[in-house]
Amino acid sequence: MESSSSKELLKKYNGGTLEHKSFYTQNHFYAIDRFLCVLEETENNEFGIYDIDVTLTRIEERLTDNEDLIGVDLLPIAILFAGDYLCLDYRISKNHPTVCVWDHEESGELDPMTYFTAKSFEEFISMLS
């Protein structure tokens, strides 16, 4: 479901930070705090709060407008400075996600507020400065 480069980034950096971590979209600058990770054990791990499953558990009802959905339409992949998330957006295509910013302050239960950022993960990576 995810593009191969996003899978490779998550595998390679698995919760890491980037040297170039800011981007501009929708008349706003954003900064990536940290990419989320996939951990086998989250409870006794200092990075457990950055695990994708832990993040989904905390905010999943705010990432969809379809209460009957099994799976996700918005998959958070990085936490941004000030509590927003960078997400892969599968709402238009299940095979070719776009990238968006999920706004935590504007989103409500079953009412996600997102801002289009890039047509693909590759395009997003080229936006980083």
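Computed from the coordinates by the stated procedures, all read-outs in this text should not be read as laboratory data. Worth saying up front: this structure is predicted, and the values here are computed from it rather than measured. Ideal geometry is used to build each Cβ from the backbone, glycine not excepted, and the neighbour counts take in all protein chains shown.
Here the Gaussian network model covers the chain, with springs between Cα atoms less than 10 Å apart; of His104, His28, His96, His28 fluctuates the most. Relative to the Cα centre, the charge distribution of segment 81-123, modelled as +1 at Lys and Arg Cβ and -1 at Asp and Glu Cβ, gives a dipole magnitude of about 300 debye.
Across segment 15-23, computed HN-Hα scalar couplings (Karplus, 6.51 cos²θ - 1.76 cosθ + 1.60, θ = phi - 60°) run x, x, 10, 10, 5, 9, 10, 10, 8 Hz from first to last residue, x flagging Gly and Pro. Per-residue Cβ neighbour counts within 10 Å put Thr117, Thr42 in the sequence Thr42, Thr117, beginning with the fewest.
Dividing the convex hull volume of the Cα atoms of segment 4-127 by its residue count, what figure in Å³ per residue is obtained?
112 Å³
Using the crude model of +1 on Lys and Arg Cβ and -1 on Asp and Glu Cβ, and no other charge, please compute the dipole size for the chain relative to its Cα centre, in debye to 20. Write down the numbers at each step before the final one.
Working: 10 positive and 25 negative charges, 134 e Å.
Result for the chain is approximately 640 debye, rounded to the nearest 20.
Say the dipole of segment 4-127 comes from +1 at the beta carbon of Lys and Arg and -1 at that of Asp and Glu; which of Leu75, Tyr85, His28 then lies farthest toward its positive end? It is His28.
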